[in-house]
Every structure is written in structure tokens, then in C-alpha cells.
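The values are calculated or read from the model by the stated rules, or taken from the named source; none is laboratory data. Note that the structure is predicted; figures quoted are calculated from it, not measured. Here the Cβ positions follow ideal geometry from the backbone for every residue, glycine too, while neighbour counts run over all protein chains shown.
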Amino acid sequence: MADQTTTGRRLQVNLVGLSKSDYRGNPTTLCQGCGHNSIASQIIAACYDLDIVPEDVVKFSGIGCSSKSPTYFLNRSFGFNSLHGRMPSIATGALFGDHTLKGLGVSGDGDTASIGMGQFKHVIRRNMRLVYIVENNGVYGLTKGQFSATAEEGLQLKNQGTNPYMPVDIAWEALVGNATFVARSFAGDPKQVRELLKAALHHDGIAVLDIISPCVTFNNKDEAVHSYAWGREHEVALHELSYVPPAEDILVDYEEGETKEVTMHDGSTVVLKKLERDYDPTSRSDALRVLEEANECNCLITGLIYIDPEQPSLSDIYNLTEKPLNRLGEKELRPGRETIQKINDLMF
Amino acid sequence: MSVQQPMARTDAPDKDRDQVNDFSITVGTVNGSGSQTSNLTLLRALFKMGIPVSGKNLFPSNIQGLPTWYTIRVNKDGFLARREEHEIVVAMNPTTFAEDLEKVVPGGAFFYADDIKLEVNRDDVVAYPMPVKDISRNSDAPSSLRTYVANMVYVGVLAHMLGIDLDKLYQALDFHFKGKLKPIDLNFNVIQTAADWARDNLEKQDPYRVEPMDATHDYIMADGNTAAALGSIYGGVQFISWYPITPASSLAESLVQYLPKLRKDPETGKNTFAVVQAEDELAAIGMAVGAGWSGLRAMTSTSGPGISLMTEFAGLAYFAEVPLVIWDVQRVGPSTGLPTRTAQGDLTFIHFLGHGDTEQVVLLPGSVTECFEFGWKAFDIAERLQTPVFVLSDLDFGMNQWMTPPFEYPDKPMDRGKILWEEDLEKIRDEWARYKDIDGDGIPYRTVPGNRHPEASYFARGTGHDENARYSEDAANWVELLGRLKQKYQNACEVVPPPMVDTVEDARIGIIAFGSTEPAIKEARHQLAEAGVKTDFMRVRAIPFSQEVEDFIHQHARNYVVEMNRDGQLHQLLTLEYPDRAMNMISVAYTDGLPMTARKVRETIKAEEAK
């Protein structure tokens, strides 16, 4: 970290010369205590720590409480608050504009697991370079407390009765949809959220973060699985996770066999300190098993569930020009005058 | 082979009454039997003989097995609309044999596969049996290809009976099979054998034949979807997301075919474009909106059902002021409707597409060449206006081969509209806000993601917003924003293509139309003029309407608005726009899934005029 002197006062800045305030957004308009606010804070912290230039990030969202939150961080980044369930398609098209940009999408459980299930599954299939955060609270907040598709069977909500259906498991859906980065976390565990965000921002492909983010107004009764109390009591972290940028040495000493390291495509490392079990997040079958076990033991498994840093991302597949597509001009985009005769000759 | 005589007739047509280069051929076959190759070969050979010709595929929504027809019109005067009269009918399908026989005009010719054991129960037509099975069985074709080459038998028989040049048929096959000798020869040998058989076995008893002309060398033959794709490429299209749908699929497929040929960086071989086949039309337009927002020339192509799904995004793009191009290759609705038939039924739907107050800019190409021209112009207009631009083609343009003037290189440099990169923004940074109308024309300046100027970014949204794109529910702000969008839309009439107008002296009647009905109207006007009814013609090419549209309506006592839909949608829009002229406009709206005919236009106007 470097120090910079501004107007007589020392302001802490990161390697790109920006202070935390350069990553801020507008004041939140969500409820006090909403899990989404905590996640917004961690996005700010992660981007600051990673020395990301805000202009290199584009924010995307759909519709709902979660989708409002991109205005609460990174004011200097472009953003698009699109349609309900359609964040993935907007992000896909927009990121083709400049392949050097990092996409950061924020969605909710309604926006993703109900109306947006189709686009969610397909953006995963395409391995778009996009951090896809689902702020998952099991309930529709903006429309005042209806069940969402991730609500557990038997959940009781005011004015809604009892939920008769089985829930959608977003991490599971991501995994069976061939996502190359799947994590689950809990807004009540900010440190883990931050480290997962850092790893996700350096993943060259789709990174799905299913973050349980309690709705303090409509779904925070202690026995509800998307509540703070339930999360605190039932969270089982797969590992203690820390992200190490490419140029840095791993400074903390761990005992041999205590950690696992995953090397990202850009040479950075995710260090996973072993907790109760020996978990390998590069194994898809282990990932599926651990999610199934979480259901059986009624616990909230968190951490990096699966990662494949090797798969080519969508922009690699398309063999695009080095220069961002949106900076190409007429010379590059309109075929030469001499070609029109050839084209007419190709017709009959 | 024994000499076969045509059926005995009591009322033989007069052989002296030769009818040269002026008739229609209809071929009835089984879908999926390869008849399209045969029909296109006939069409192209006639075109290469210099004779004005058109071909229309009237096909079912089916891969294989259902009846399908192809109709070719040969006309020395260049009238190429579909006709309801069939001088020559070829029957290859037993299922439709009786129906096909019924279609032949009295004195016409009926060619049929002789393995169809059904009675030719008309004595007012010339019937020619063709040994289709014999010839295909004796050809070099492996058994798996016999059904396909069987269709070349009627090509050969017609070639001899009508006088179609075999060399030109060979050229047509050469084009179709891209120079691959094996299929060319295989098919051509069948044509040759069939022609020889006809020469030796059939006696010409009908009056129809062709003679070479010199009326096509200034034309090419192409379909509207290919033209649209190529035009888009010359317009610099960079991003296409699409979902398969008849009759629009071949537009995107043509982009996939031609983009790598025309738009790779010559030094690096890298692509200056991306094509994504989306999971549905919602995602197709969503991606295009995202790409347009980020500064790419973005498009999607679809048909009516796809447009229905795209409605919400169309409203967002209109409101958030995102440029993109949407092609609607129209088919018959409502609902799944007639997926393989043509119509002009999406006009009002598209124009108002989106909930709340929405007015979309619509371009209306009226020829295959114009599909090319509007292909590139649509991007200039979209980026200039920062709004979606819809281009309405139809199945008749999109999937049929048309004789059309060659594509012309764009005569204007690209107009990228009011886009600000870092240095542009630096110059007006104090004054700029994303939705601020600096120039007073309703069109603000925009920045796009990737612009690294620290003040470039904004948060786009479909919710109410102020000049800085910040969320706003302020009443005055809302009124101002919607007012500016209205102003922008109204000014668009200066940017979009004006109508094409064709006038004659002393005409008091006007005909107004758009899109693919022009050939029928051209012919109807000729016929009306011969009957003493003079008409002027205006082909509307865009919404909003230019001043010329109003002028034309004012200049005519009665304006017949011709279109292929039930409710007279262009008539409705003109009436809304010019209510004081409502009494001067008469709707001629008709749709049955088939391209418009001159007869329909002529008879309706005649009847009205007689009132």
C-alpha cells in the first residue's frame, strides 16, 4: 500500500492510487441490516484490495432488491440495471464490446432461480467472463414477501401460508450446468465473501457466488434457512480461503498438508486452509457430493465448491481482435469498395 | 421405348397462337424430395436466357412428406408478381394430382409423372405423361439419390417442350453445386435424357415457349435474407445474437457464411464480429441490447413470434436509448399462424412495441436490393437516433430468389452518432450528462463501457431517470424525459428514408403500399391504365412518415392503401397520423398467406371506383 498526501491529510491509497472512497457508490436504499449491504461493502473492499481500476469493471443487474445494489458500489464503473431475469443476456452482449472489461453481475434468487433460470443456465454454459452473484434470501422483497424458488419446503411467511414446493439449489444448478467456478457463502461471514469475490474477479470465465443474504424484513425468523441465526448456527466452511495475487509470495506459514493451493489462469493463487475435512474443489464429483451431504446434514456448506481454471472463456472462443470491438472504426468494419463486385458475382 | 402420344382431346389448343415469354409454371411436388434444386435450376436458366422471371416457393411447415408447390412466372414485360392463373402445371405428387390438374387454365399444359395412376379427366388441357421413374432408375444416380434426381426429369422435359437452353441449365447447376462436377453431371445427365426423351416421344400441342431476350443482364438473382445479411456486413455489424425461426433463420445463417469472408482483420486473422446463437428470443435481443449499449453495431433477426418475446427489451431499449437493429422477416400470425407463408401483419405491433408510450422507428424495404441498402442504413439510423430500428421484411423477400438490381456499395460514410470517447468527453465534460439534450434535437450524447475517462460512466436503467441517469420519480422530470423522446422520434422523419413516389399525368387516384407488394401494384397500375384508370403510386419506406407521405395523400382524391394483412395496418397508422385525410384513404387489405396478385389490387380498385 502506498500513501498519498492530499490537502494536507494523509489518505491511504492502493497500488493504482485510489482510496476506498473511489470504490464507493450511493447510499443504500435497502433496509437496515439487509445482507445485500454487507455484500456491497465486501465488493468495495475486494476491488480496493485487488487494485482494480473501477473503469475496468461493468456492473449488471436484473430486477429486485439485489438488483438495486450495484448503485451502492463502484460509482465510477458503467452499469446496467436491466430486466427481471435478463441480466445474463445484457452482460453477455455488453462484454463483447470490450473484452478487457470485468463483468460483475448482481442478481437475486427470484431474478435467477425463477424468471431468470433459462438465462442463468445458458450464461454458465457459455462460460462468459462474469462474476455472477446471487444474493439469496428465499423471498421476494420488493413485492412484499412472497416465496421465491429457493425458499425451503415448509417455510411459513406472513400472508403467504406454507411453501409446498422443494427449493432450487443455485450452487447445484450452476455445477450441473458446467459452471467453471461455484462458491457458496453467507453475508454474515464477510471475510469469506471478500476472499471468494477476489478469486472470482480473477477467474477467466463464469464465477457463480450463491450468497445467503438474509432479508431482515420478510424472512429472518430464526428457523428459516435464509436467516442470520440459521446461517450462523449451521454454517460449515469447507476451508479457510485466501486469495494471493500473482506477484505476491504466500506469506503465511502453514504446516505441510494443511493447505491446498489452486493456481488461477493469471498465475494468482487461491490458498485453502484445511478445516474439518480434506476437500478438493477441482473435483466435480466431490463438489456434487458435498452439496448433497449439506442437504442431508441440514447445514450451510460454504466456501469454494468447485473451480476449473483451465476452460477457455467466451471471448477466447470468439478469436476477437486485440483492440476492443467497440473501438473499431469504419476502416475495420466496412469491407473495401472492391469487394462489392465480388459479392454481386457470388449471387446468380 | 415406345412413342407415347398425349391424351386424345376434343378441344385442342391452337398451335398458331404461340405464347412466348409470358406464362406461369406451377410445380407440385412432395416436400423434402429435392424439388427446390430443380425449381431453382429452371428459374436460373430462364434468368440466364435474359427473360424476366420470378419464382415463389409455396411450402408447408414440414421437413418431408407434405405437398409443396413452386410457381415460376415468365414475363417479357417485367411483370413478375404471383398470378392466380397457371398455364403450365407439373404434377409430381399423387396426393395433389387432382387438385393440380384442376389448376391448369383451359388450353394449358399438364405434365405429370406417368407412375401416378390417376385419370386425366379434363379434355381442355394438353396432358403430357413423363416417364419419371424409368429415367431416374436408368440414370447413374445411386438408389439413395433417385428421388432427388427424379425431379430433374421434369426440368429436362420442360426444357425441350418450352425451349429452355440446356447450356443455361448447366450453368444453373454449376452455380447450385458450387462447381462440383459429380452432382452437376449426375443431374445434368438426367435433364439431358429427359429432354431427349421428350424430343422423341412428345408432340408439342400447347402454345407456350420461351425465347432468349436481353432483359436481365443488369440484374442479379438473390433472396432478401442474404441481401439483408450482406447489407448489415457493409454496415459494419459487429454483434448478432439470434434464435432459429422460419423465415428469418437464413438471415443469421448468411451472416455466419459471409462474415468470415469479409470481416477478418487481414493482418491477424482475428474477427471483428461475433455471432451468438441464443437460447431464445428474449436472450437474443437482450444480448443485442447489451452489445448496442456498449457501442457495438448490434442486431438480431426474427419473425413475429420472436418479436412477441422481444417486446419487453424493445421497450427498455427505446426508453434507455440503446441503438440496435431488429429484422422481422414477417410470416402469418396471429400465434404460430402459418409459419411458412408470407404476410405484412406485424406493422402496428412493431411500431408500438413496448408497454407505456412507445413509438418505434421502422424501416420498410421494398425490394431485395433495398434489403441490402437498409441493412447498412439501419445501423446509421439507430446510432444517430440512439434507439432500436426495426426492419420489416417478409417471407416472400426473405426466402425467395428475386431478380434485383446489383447491390451498391454504401454511398455515405458510417454515421456513428453522438458517441463520446475519452478526448471527446474531455472537451465537453462540464456540460455533459448522459441524458442531457445539449443540441436541442432530443438526442443526447452517449458514452460506452470501456471509455476510461473518470467521468464517462453512468448507470443505465429502465426505471425513471434524470439527465445523469440517476433514479428519479420526479413528476416534472418524467414529463420532460417522455417529451424529449417524443421530440426525438418526430425528428426521426428527417433521418429515415423518404417514400418512393411514381406519378403519371392527371392521375387523381393514389395507391399507397409498402414492402413486397410493389410488383403486384406495378402490374395492376398498368392494367388499370389500360382500362382508363390512371394512378400514382407511393411506396412508404419508413415510420415515422416523412413530409412527402402527407403531400402525396393530399394530392389525391382517393388513396388506396394496399397491404397483406386483415385489418389494414398501414391504413390505420396513416389515419392516425393524418385524421383530416381519413375520408381520402381506402383500405385494400387482404391476406391468405400468399404473395399479393395484380388481380386482387386491380379488381378491388375497379369495384371501388365504379361505386
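Table for the structure above
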| quantity | calculated |
| --- | --- |
| Residue count, segment A:224-237 (criterion: within 12 Å of A:Asp189 (Cβ to Cβ) and hydrophobic (A, V, I, L, M, F, W, C)) | 2 |
| Odd one out for B:Asp123, checked against (1) free of Cβ contacts under 8 Å to residues at least 12 places away in the same chain; (2) more than 30 Å from the chain's Cα centre (by Cα) | (1) |
| Qualifying residue in segment A:295-306 (condition: among the polar types (S, T, N, Q) and either facing chain B (nearest Cβ under 9 Å) or assigned to a strand (DSSP E or B) (or both)) | yes |
| Residue within segment B:283-306 that is in contact with a Lys or Arg (Cβ under 6 Å, 6 or more places away or on another chain), over 22 Å from B:Trp402 (Cβ atoms) and either at pLDDT below 95 or facing another protein chain (nearest Cβ under 8 Å) (or both) present | yes |
| Qualifying positions in segment B:333-353 - touching a strand residue (DSSP E or B) at 6+ places or on another chain (Cβ under 7 Å) and farther than 22 Å from B:Ala229 by Cα | B:Leu338, B:Gly345, B:His351 |
| Test result for B:Gly462, at pLDDT 95 or above, buried (at least 16 other Cβ atoms within 10 Å of the Cβ) and assigned by TED's automatic domain parsing to the domain that holds B:Ala557 | no |
| Neighbours by Cβ (under 8 Å, 6+ apart or cross-chain): first from segment B:92-110, closer than 21 Å to B:Ser35 by Cα; second of a type in the set (Asp, Glu) | B:Asn93/B:Asp100; B:Val104/B:Glu87; B:Ala109/B:Glu87; B:Ala109/B:Asp206; B:Phe110/B:Asp100 |
| Residue that is part of a helix (DSSP H, G or I) and of a type outside the set (Phe, Trp, Tyr), where the choices are A:Leu175, A:Leu142 | A:Leu175 |
| Verdict on A:Ser107 being buried (at least 24 other Cβ atoms within 10 Å of the Cβ), within 30 Å of A:Arg284 (Cα to Cα), among the hydroxyl-bearing types (Ser, Thr, Tyr) and modelled with pLDDT of 95 or more | yes |
| Candidate set: segment A:28-41, residues that are under 24 Å from A:Ile90 (Cα atoms) and touching a Pro at 6+ places or on another chain (Cβ under 9 Å); chosen: the one nearest to the other protein chains (Cβ to nearest Cβ) | A:Ala40 |
| Answer from A:Gln4, A:Gln42 - the residue that is modelled with pLDDT under 95 and in contact with a Leu (Cβ under 7 Å, 6 or more places away or on another chain) | A:Gln4 |
| Given (1) under 23 Å from B:Tyr458 (Cα atoms); (2) in contact with a strand residue (DSSP E or B) (Cβ under 9 Å, 6 or more places away or on another chain); (3) within 11 Å of chain B (Cβ to nearest Cβ); (4) touching a residue at least 40 places away in the same chain (Cβ under 8 Å), number of the condition A:Val123 does not satisfy | (1) |
| Pairs, first at positive phi and in the same structural domain as B:Thr604 (by TED's automatic domain parsing) in segment B:526-538, second assigned to a helix (DSSP H, G or I) and surrounded by fewer than 21 Cβ atoms within 10 Å (Cβ to Cβ), C-beta under 7 Å, six or more apart | none |
| Any hit, segment B:314-328, residues being crowded, with 24+ Cβ neighbours inside 10 Å, under 20 Å from A:Lys331 (Cβ atoms) and within 13 Å of chain A (Cβ to nearest Cβ) | no |
| Members of segment A:312-328 found to be at the interface with chain B (Cβ under 8 Å from one of its Cβ atoms) and either farther than 30 Å from A:Ile206 by Cβ or without any contact (Cβ under 8 Å) to a residue 24 or more places away in the chain (or both), listed by number | A:Asn319, A:Thr321, A:Glu322, A:Leu328 |
| Enumerated helices (runs of 4 or more DSSP H) restricted to segment B:87-176, each holding at least 3 residues that are outside the structural domain of B:Trp197 (by TED's automatic domain parsing) and touching a Leu at 6+ places or on another chain (Cβ under 6 Å) | none |
| Cβ pairs under 6 Å, 6+ apart, first in segment B:59-76 and small (Gly, Ala, Ser), second modelled with pLDDT of 85 or more | B:Ser61/B:Pro339; B:Ser61/B:Thr340 |
| Those strands (runs of 3 or more DSSP E) lying entirely in segment A:9-92 with at least 3 residues within 13 Å of A:Gly105 (Cα to Cα) | A:57-61, A:78-81 |
| Identity of the residue in segment B:258-267, more than 7 Å from chain A (Cβ to nearest Cβ) and free of Cβ contacts under 8 Å to residues at least 12 places away in the same chain, that ends up nearest to B:Ala222 (Cα to Cα) | B:Lys261 |
| Number of positions in segment B:177-215 that are farther than 21 Å from B:Ala113 by Cα and in a helix (DSSP H, G or I) | 5 |
| Inter-residue pairs, beta-carbon under 9 Å, first over 15 Å from B:Pro388 (Cβ atoms) and in segment B:270-298, second of a type in the set (Gly, Ala, Ser) and part of a strand (DSSP E or B), 6+ apart | B:Ala274/B:Ser241; B:Val275/B:Ser241; B:Val276/B:Ser241; B:Gln277/B:Ser241; B:Ala278/B:Ser241; B:Ala283/B:Ser241 |
| Residues satisfying the stated conditions in segment B:395-440, i.e. outside any loop (DSSP other than H, G, I, E, B), within 11 Å of chain A (Cβ to nearest Cβ) and touching a strand residue (DSSP E or B) at 6+ places or on another chain (Cβ under 8 Å) | B:Gln401, B:Trp402, B:Met403, B:Thr404, B:Ile419 |
| Top-ranked residue of segment A:329-348 - restricted to ones that are within 8 Å of another protein chain (Cβ to nearest Cβ) and among the hydrophobic types (A, V, I, L, M, F, W, C), ranked as farthest from B:Ala172 (Cα to Cα) | A:Leu333 |
| Hits in segment B:466-475 - residues which are outside any loop (DSSP other than H, G, I, E, B) and at the interface with chain A (Cβ under 10 Å from one of its Cβ atoms) | B:Tyr471 |
| Condition met for A:Ser66 (farther than 22 Å from B:Phe239 by Cα, more than 9 Å from chain B (Cβ to nearest Cβ) and within 16 Å of the chain's Cα centre (by Cα)) | yes |
| Qualifying residue in segment B:205-215 (condition: touching a His at 6+ places or on another chain (Cβ under 8 Å), away from chain A (no Cβ under 14 Å) and more than 27 Å from B:Leu364 (Cα to Cα)) | no |
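So that you can scan it fast, the table gives a plain yes or no per residue for (1) of a type outside the set (Phe, Trp, Tyr); (2) surrounded by fewer than 18 Cβ atoms within 10 Å (Cβ to Cβ):
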| residue | (1), (2) |
| --- | --- |
| B:Thr369 | yes, no |
| B:Asp394 | yes, no |
| B:Pro405 | yes, yes |
| B:Met414 | yes, no |
| B:Glu422 | yes, yes |
| B:Lys427 | yes, yes |
| B:Glu431 | yes, yes |
| B:Tyr435 | no, no |
